[in-house]
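The values are calculated or read from the model by the stated rules, or taken from the named source; none is laboratory data. Just so it is clear, the model here is predicted, and its values are computed rather than measured. Here Cβ is always computed from backbone atoms with ideal geometry, including for glycine, and neighbour counts include all displayed protein chains. What goes into the accessible areas is simple: the full protein's heavy atoms, side chains included, and nothing from ligands, DNA or RNA. Shrake-Rupley method; radii C 1.70, N 1.55, O 1.52, S 1.80 Å.
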Amino acid sequence: MPTILDSLASNFGPDVMGDIGKALGADTSAVSKGLAVVGPLLLSGMTRQATQPGGAESLMKLLPEGTGGLLGSLGGLLSGLTGGKAGGESSPATALLGPGVNAIGAALTRALGFNVTPLLGMAAPALLGLLSKAVQSDKLDASGLASMLGHERDAFASDPANKETVALVTSAMTTGDQAAATIAAYGESWKHVAAGPAAALFMVSASDLSGPIGAFKEAQAAGKAMLDAASKAEPTSVLASAFGAGLTMDMASQVKALAPKKEALIEIVKAGAAAVAAKSPGELQAYKNTILSVAQASAEAAKEGGFLGIGGTLVSKEEQAALDTIKAALG
């Protein structure tokens, strides 16, 4: 009988893997290797959750009523919606791996050579769908689910052929735990830290509206700047813990909640920097640099004025004013 991991792999044919590779800018072999790590990683996260008090019951509640998951997840990946869900709801990957999921993604990205976090975001609901199918077909209760997951994890870990993957999964999970501890130490101020660069993006965008295409380019440039910063930092750092997934929907939701009016956006930037200065002073300059690079990349992403890309200004005076305000706030 095929395992959950076998079923996950069988869902990803050549065409699907090719589409994922195009979306992530990685070749098919790299994506295949990434999936071979992401599946066991998520299985490990599920098993750990299921062994905690009330964890198996909580995991049962995460299972979708249907048995699919892949197609919807692939659509989300290819449309760029790779972070948290709208409305502040945690993504499936966060629900399974905890608040350190961005650091886990950053660690795997460094190890595998491409941005793995979106693949995590897609594989998590796919795996939950397959798990739902197994629960329904075998009529498992919470205890039976925990037992099945433990058996599959142990069987995978005991196979000598999986030694390298198990080591990478263990290291990534440890990184996630360390990042979760850092996030917990920040308390409520973490939301300002995580939202700081996104607030800078919104400040630049709101200063001189570029239309839907321009706004997309600005968001894309901001996300790339965040990923670049996270990839250069240690996986357990503030940068990797906050920005290892790039720009996410959850960040946008946090910014809107913290700054219902655009005049309050700069306060998020200030509060994020102040929190890092208090809790992780050694990372303060890198955090400030990330905010500035996100703001600059956003400002330069789309020309303002002109027609059909002809003429116009790379950075308008309104955008430059927003950049100057951000620089002054960061000191």
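Of the listed requirements (1) surrounded by fewer than 20 Cβ atoms within 10 Å (Cβ to Cβ); (2) touching a residue at least 24 places away in the same chain (Cβ under 8 Å); (3) of a type in the set (Phe, Trp, Tyr), PHE243 misses just one: (1). For ALA95, the criteria (1) at pLDDT below 85; (2) open to solvent by 30 Å² or more (accessible area, probe 1.4 Å); (3) farther than 23 Å from LYS224 by Cβ hold in every case but one, which is (1).
For region 1-11, the candidate set comprises residues that are open to solvent by 20 Å² or more (accessible area, probe 1.4 Å) and either of a type in the set (A, V, I, L, M, F, W, C) or closer than 21 Å to THR109 by Cβ (or both); within that set, the residue that is modelled with the highest pLDDT is LEU5.
Restricting THR165, THR117, THR170 to those that are among the hydroxyl-bearing types (Ser, Thr, Tyr) and closer than 28 Å to VAL255 by Cβ reduces the list to THR117.
Among the listed residues ALA157, ALA199, identify the single one that is closer than 30 Å to PHE216 by Cα and either among the charged types (D, E, K, R) or part of a helix (DSSP H, G or I) (or both).
Numbers: ALA157 fails: closer than 30 Å to PHE216 by Cα.
ALA199 is the lone residue from the list that is closer than 30 Å to PHE216 by Cα and either among the charged types (D, E, K, R) or part of a helix (DSSP H, G or I) (or both).
Check region 26-35 and report whether any residue there is closer than 18 Å to ASP177 by Cβ and among the basic types (Lys, Arg).
Filtering region 26-35 down to residues closer than 18 Å to ASP177 by Cβ leaves none.
The answer is no; no qualifying residue exists.
Conditions (1) in contact with a Ser or Thr (Cβ under 9 Å, 6 or more places away or on another chain); (2) under 27 Å from GLY176 (Cβ atoms); (3) modelled with pLDDT of 95 or more, marked per residue:
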{"residue": "ALA252", "(1), (2), (3)": "no, yes, no"}
{"residue": "ALA271", "(1), (2), (3)": "yes, yes, yes"}
{"residue": "PRO281", "(1), (2), (3)": "no, yes, yes"}
{"residue": "PHE307", "(1), (2), (3)": "no, no, no"}
{"residue": "SER316", "(1), (2), (3)": "yes, no, no"}
{"residue": "GLY331", "(1), (2), (3)": "no, no, no"}
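Out of GLY83, GLY66, GLY87, which single residue is modelled with pLDDT of 50 or more and either out of contact with any Leu (no Cβ under 6 Å at 6 or more places or on another chain) or assigned to a loop (DSSP other than H, G, I, E, B) (or both)?
Going through GLY83, GLY66, GLY87 in turn, the sole match is GLY66.
The single condition from (1) open to solvent by 10 Å² or more (accessible area, probe 1.4 Å); (2) under 21 Å from ALA328 (Cβ atoms) that PRO260 fails is (2).
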